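Asks: Supplied in structure tokens, the structure appears directly below.
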Amino acid sequence: MQVHFIGLGEINMFNLAIALHKKGETVTGSDEKFDESLEQIMQEQGLESNKAGWFLDKINEQLDMVVVGATVKKDNPELLKAQELGLQLVSHPELLFELCKFKTRVVIAGSQNRTRVTTMVLHVLNYNEVEVDYALSLPNGIHLTEGNDFVVIEGGDGSSSIVDASPQFHKYHPNIALLSDFEFKEGGFYTNFEIYAEQYGIFVNSIVKGGSITYNEENAEVKKRVESSENPIRKFPYTTPEYQEYDGQIFLDTPDGEMPLEMVETNDLRNMAGAKWICQQMGVDEVEFYEAMATFS
């Protein structure tokens, strides 16, 4: 395939472009500016890119697909030309879903804690030598293979793109999901709390029938959106586990006794409880989970 990315400087777009390039596809991209670290990776990976800016000659009828970034404006010259030529336009979450639609999709969602929970899950899987694919909003935060059964996706709630305003996490249709929290911020993309909260309700309903959602029962809004959903899925609530604190160190109460942890934030204990449910659904038992988390900081 020949694929062009409008908005290549966005981290999720950049990661996806790298993944396609590694699969042997012809990838080009443009943006008004690139982070220095991204420029270095582009050079290392051999991605075709000019200096910063928009270049109409990159948009042609030979392209199989044009991926449009979340920050690209509707008057973008490359986007206008792609629309004029009738090229296929997709957002990065739509393309990511297509690449992962035959895998078991594990989507971690939430306003404040999704990155931390995702990091915990991947730490445990790596510690226990469980091979999985992943897509995170971090530099070099993507790993896609043909053979791995699971893919762990960090599910953001921002707009997918100007050609598809629905939130990114609506596109993934998870088999296994986690919802940690959500917090409305004035002046953001959503005009009021109810509209924002509704997006999380839609996320819960987007889970594949027969799938599951692990959710933070201590967050009243999360609890409300999950427990009111009529989607025929399994629902696994989690709360902050019992723990002790001695001389500034946290000890988790486990069936095998108190376990010292390197983490110092009690909020992380709740995140860990959610991560444990996810890892167990991915084949890691409780003992293996706690052994790995003893090394997490």
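The values are calculated or read from the model by the stated rules, or taken from the named source; none is laboratory data. Note that the structure is a prediction, hence the values are computed from the model and not measured. Counting neighbours? That spans all protein chains shown, and the Cβs are built from the backbone with ideal geometry, glycine included. Just the protein is used for accessible areas: all its heavy atoms, side chains included, with ligands, DNA and RNA removed. Shrake-Rupley method; radii C 1.70, N 1.55, O 1.52, S 1.80 Å.
Asks: For the range 59-200, what is the percent of antiparallel DSSP beta bridges, rounded to the nearest 5?
Replies: Working: 4 of 20 bridges.
For the range 59-200, the DSSP antiparallel bridge percentage is about 20.
Asks: Additional query: What does a probe at residue 26 reach in the range 59-83, counting residues whose amide N is under 17 Å from the point 7 Å along Cα→Cβ?
Replies: 59-67
Asks: Give me log10 I(q)/I(0) at q = 0.21 Å⁻¹ for the range 97-174, Debye formula, one equal scatterer per alpha-carbon, no solvent.
Replies: -0.99
Asks: Kindly give Rg over Rh for the chain, based on alpha-carbon atoms, with the Kirkwood expression for the hydrodynamic radius. Numbers along the way, then the final one.
Replies: Values: Rg = 20.4 Å, Rh = 20.4 Å.
Taking Rg over the Kirkwood Rh, I get 1.00.
Asks: Restricting to DSSP loop positions (anything but H, G, I, E, B) with no more than 16 other Cβ atoms inside 10 Å of their own Cβ, which GluC sites (Glu not before Pro) remain in the range 161-202? Each step should come with its number before you reach the end.
Replies: Working: sites: 183, 186, 194, 198; in loops: 183, 186.
Of the GluC sites (Glu not before Pro), the ones in loops of the range 161-202 whose Cβ has at most 16 other Cβ atoms within 10 Å are 183, 186.
Asks: Could you tell me what percent of the DSSP beta bridges with both partners in the range 158-297 are antiparallel, to the nearest 5? The partial results should precede the final answer.
Replies: Details: 10 of 19 bridges.
Percent antiparallel among DSSP bridges in the range 158-297 is about 55.
Asks: By how many nm would the segment from residue 45 to residue 209 grow when fully extended, if each residue of separation counts as 0.36 nm and the alpha-carbon distance is taken off? Spell out each step's value before the answer.
Replies: Working: separation 164, 0.36 × 164 = 59.04 nm, distance 3.90 nm.
This chain segment gains 55.1 nm when fully extended.
Asks: Could I ask something else about it? Beta carbons within 10 angstrom, averaged per residue: use that to sort the peptides 233-239, 273-279, highest first. Could you put the intermediate results ahead of the total?
Replies: Values: 233-239: 16.6, 273-279: 24.3.
Output ranking for 233-239, 273-279: 273-279, 233-239.
Asks: Okay, next question. Just to be sure I understand: with springs between alpha-carbon atoms less than 10 Å apart, which residue in 151, 208, 106 has the highest mean-square fluctuation in the Gaussian network model of the chain?
Replies: Of the options given, 208 has the highest mean-square fluctuation.
Asks: Using Cα springs under 10 Å in a Gaussian network model of the chain, which residue among 257, 141, 201 shows the largest mean-square fluctuation?
Replies: Of 257, 141, 201, the Gaussian network model singles out 257 as fluctuating most.
Asks: Give a quick list of trypsin sites (Lys or Arg not before Pro) in the range 106-210 that DSSP marks as loop, anything other than H, G, I, E or B, with at most 14 other Cβ atoms within 10 Å.
Replies: Working: sites: 114, 116, 171, 185, 209; in loops: 171, 185, 209.
Hits after loop and neighbour filter: 185, 209.
Asks: Summing -39500 (n - 2.57) over the DSSP H runs of n ≥ 4 in the chain and dividing by its residue number, what mean residue ellipticity at 222 nm do you reach, to the nearest 500 deg cm²/dmol? Can you show the working numbers first?
Replies: Numbers: 9 runs with 98 residues, N = 297.
Helix contribution divided over all residues of the chain: -10000 deg cm²/dmol.
Asks: Can I ask one more? If you take the square roots of the eigenvalues of the alpha-carbon gyration tensor of the range 82-227 and sort them as a ≥ b ≥ c, do you get rounded (a/c under 1.5), prolate (a/b over b/c) or oblate?
Replies: Numbers: a/c = 1.68, a/b = 1.03, b/c = 1.63.
The shape class here is oblate.
Asks: While we're here: I'd like the accessible area for residue 123, computed on protein heavy atoms only with a 1.4 Å probe and all protein chains in place. Round to 10 Å², please.
Replies: 50 Å²
Asks: Using 0.36 nm times the number of residues separating residue 296 and residue 112, minus their current alpha carbon distance, what extension gain do you get?
Replies: On the way: separation 184, 0.36 × 184 = 66.24 nm, distance 1.90 nm.
Extending this stretch completely gives an extra 64.3 nm.
Asks: Arrange the residues 63, 144 by how much accessible surface each exposes, largest first, with a 1.4 angstrom probe. Walk me through the numbers on the way to the answer.
Replies: Values: 63 20, 144 45 Å².
The ordering from most to least exposed comes out as 144, 63.
Asks: Taking 8 Å as the Cα distance limit and 6 or more residues as the minimum spacing, I'd like the relative contact order of the range 56-151 as a percentage. Display every interim value, and only then the final one.
Replies: Values: 79 pairs, mean separation 21.5, N = 96.
Answer for the range 56-151 is 22 percent.
Asks: Hand me the chymotrypsin sites (Phe, Trp or Tyr not before Pro) from the range 1-47 located in a DSSP loop with no more than 10 other Cβ atoms within 10 Å, in residue order please.
Replies: Numbers: sites: 5, 14, 34; in loops: 34.
Loop-located and lightly packed - none at all.
Asks: To continue, here is another question. Non-local amide H neighbours of residue 189 (under 5 Å, H modeled in plane, Pro and chain starts lacking H): which ones?
Replies: Correct list: empty.
Asks: Tell me, in nm to one decimal, what length is gained between residue 184 and residue 165 on full extension, where the rule is 0.36 nm per residue of separation less the Cα-Cα distance?
Replies: On the way: separation 19, 0.36 × 19 = 6.84 nm, distance 1.78 nm.
Result: 5.1 nm gained on full extension.
Asks: Shifting gears a bit: Which value, in Å², gives the accessible area per residue of the chain when a 1.4 Å probe is used on the protein heavy atoms? Working shown, then result.
Replies: Numbers: 13930 Å² over 297 residues.
Averaged over the residues of the chain, the accessible area is 47 Å².
Asks: Let me ask another. Please give the solvent-accessible surface of residue 246 in Å², to the nearest 10, using a probe radius of 1.4 Å with every protein chain present.
Replies: The accessible area comes out at roughly 100 Å².
Asks: With the crude spin-label approximation of a point 7 Å out along Cα→Cβ, what separation in nm comes out for residue 35 versus residue 262?
Replies: Taking the two extended label points, one gets 2.3 nm.
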